[in-house]
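Notes follow once the structure below has been shown.
The values are calculated or read from the model by the stated rules, or taken from the named source; none is laboratory data. Since this is a predicted model, take the numbers as computed values, not measurements. All Cβ positions, glycine included, derive from the backbone under ideal geometry; neighbour counts span all protein chains shown. The accessibility values were calculated without ligands, DNA or RNA, using every heavy atom of the protein model including side chains. Shrake-Rupley method; radii C 1.70, N 1.55, O 1.52, S 1.80 Å.
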Amino acid sequence: MSNPRRRRHSALRWMALALGLLLFAAGFFRWSNHSLQIERFTCPLPGLPEGFDGFTIVHLSDLHTATFGEGNRDLLLAVAEAEPHIIVLTGDLLDQSKEVPEGYVDTLARGLSAIAPTYFVTGNHEWARHEVKALKAQLTEAGVTVLSNEALALALGEDRIVLAGIDDPNGYAGQKTPEELAEEIRDTAGDPFWILLAHRNTHFAGEYSLLGADLVLSGHGHGGLIRLPFTDGLVSTDRSLFPSYTAGFYEANGATLFVSRGLGNTSKSFRLFNRPEVAVLTLRTQ
């Protein structure tokens, strides 16, 4: 006959083990969704002007009103430590289903623009909120340059590149198309080296890679939500399985795409093995 005391001790050990595993899982889940990962990438690009060799871009995307420290101080510190030449925000700063914390946009925008020139393009969630005009005005007032189907020149010494940005396809009916913007760039600047900010990773292969941009920076894919070995993410933002173009570099039609894994989550999603990403890209000549 077994000893009752031994049975109780055994049961307590199993309960302690189960509790320990539960606490570990909860801690790992929180770490996966709220702990910043600063990722550094070198991006060799044919045709990059010599003056832009070493040009550094901090690429942020898909915050969905996420916060990292009070007033996003941890995020701002991480960006500042990268010492970027420019910062780009490729959409879904806000979330269609979440309340925007008081001061969220202004604090983040002013903090980023104090570090380096900051540029923003809309994502699908900004348009779903039906507050795009007010958001663009707020960002502009806080020092962020909003690129709405337009382009501008960046200069380092004698060298120039073009930075362009397009509104999300969910934008106004009749808005300028990416093809029209690309034609304007060619008409104005000839055949420059240019970078395109465009939220939707899924439009790269069939559309954005055909525009003539040398580098496209996108988000939207959230890294595939759950990243497992030998996959490009497990689930797309539209809940299809095994998507592509979810994180890092891709090439098509002579163009290079970099996709940020993003920083936040929608109200119905989470991250696993896929921490919030601050991507630091250093451009290099071939």
**Prompt:** When both residues are 6+ apart or on different chains and their Cβ atoms are under 8 Å apart, which pairs have a first residue that lies in segment 74-95 and is in contact (Cβ under 8 Å) with a residue 60 or more places away in the chain and more than 15 Å from residue 114 (Cα to Cα), and a second that is in a loop (DSSP other than H, G, I, E, B) and hydroxyl-bearing (Ser, Thr, Tyr)?
**Reply:** 90/61; 90/260; 91/61; 91/122; 92/61; 95/65; 95/266; 95/267
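Out of the residues in segment 242-263 that are open to solvent by less than 10 Å² (accessible area, probe 1.4 Å), of a type in the set (A, V, I, L, M, F, W, C) and in contact with a helix residue (DSSP H, G or I) (Cβ under 6 Å, 6 or more places away or on another chain), state the one that is nearest to residue 281 (Cα to Cα). Talk me through it step by step, then tell me what you get.
Taking segment 242-263 first, the residues open to solvent by less than 10 Å² (accessible area, probe 1.4 Å) are 246, 255, 257-260, 262-263.
With the extra rule that they be of a type in the set (A, V, I, L, M, F, W, C), the set shrinks to 255, 257-259, 263.
Still in the running and in contact with a helix residue (DSSP H, G or I) (Cβ under 6 Å, 6 or more places away or on another chain): 255, 259.
Values: 255: 16, 259: 11 Å.
Selected residue: 259.
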**Request:** State all residues of segment 76-106 that are crowded, with 19+ Cβ neighbours inside 10 Å, in a strand (DSSP E or B) and among the hydrophobic types (A, V, I, L, M, F, W, C); if no residue qualifies, say none.
**Result:** 87, 88, 89
**Prompt:** If you go through segment 162-170 one residue at a time, do you hit one that is at pLDDT 95 or above and open to solvent by 50 Å² or more (accessible area, probe 1.4 Å)?
**Reply:** no
**Fill in**
If we take segment 107-205, then strands (runs of 3 or more DSSP E) inside it with 1 or more residues that are closer than 18 Å to residue 65 by Cβ are 118-121, 194-200
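Can you pull out the residues in segment 206-239 that are in a loop (DSSP other than H, G, I, E, B) and small (Gly, Ala, Ser)? Can you show your working first?
To start, the set of residues in segment 206-239 that are in a loop (DSSP other than H, G, I, E, B) comprises 206-207, 211-214, 220-221, 225, 227-234, 236-239.
Answer for segment 206-239, where residues must be in a loop (DSSP other than H, G, I, E, B) and small (Gly, Ala, Ser): 206, 212, 213, 221, 233, 236.
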**Asked** Looking at segment 113-129, is at least one residue over 24 Å from residue 183 (Cα atoms), open to solvent by less than 20 Å² (accessible area, probe 1.4 Å) and charged (D, E, K, R)?
**Response** yes
**Prompt:** Which members of segment 202-241 meet the condition of being farther than 22 Å from residue 39 by Cβ and surrounded by fewer than 21 Cβ atoms within 10 Å (Cβ to Cβ)?
**Reply:** 203, 205, 206, 207, 209, 210, 212, 238, 239, 240, 241
**Prompt:** Just checking, how many residues over segment 258-286 are more than 17 Å from residue 86 (Cα to Cα) and in a loop (DSSP other than H, G, I, E, B)?
**Reply:** 16
**Prompt:** Does residue 275 satisfy the condition of being charged (D, E, K, R) and within 19 Å of residue 125 (Cβ to Cβ)?
**Reply:** no
**Request:** Kindly indicate whether any position in segment 240-249 is at pLDDT 95 or above, among the aliphatic types (A, V, I, L, M) and either over 19 Å from residue 58 (Cβ atoms) or not in a strand (DSSP E or B) (or both).
**Result:** yes
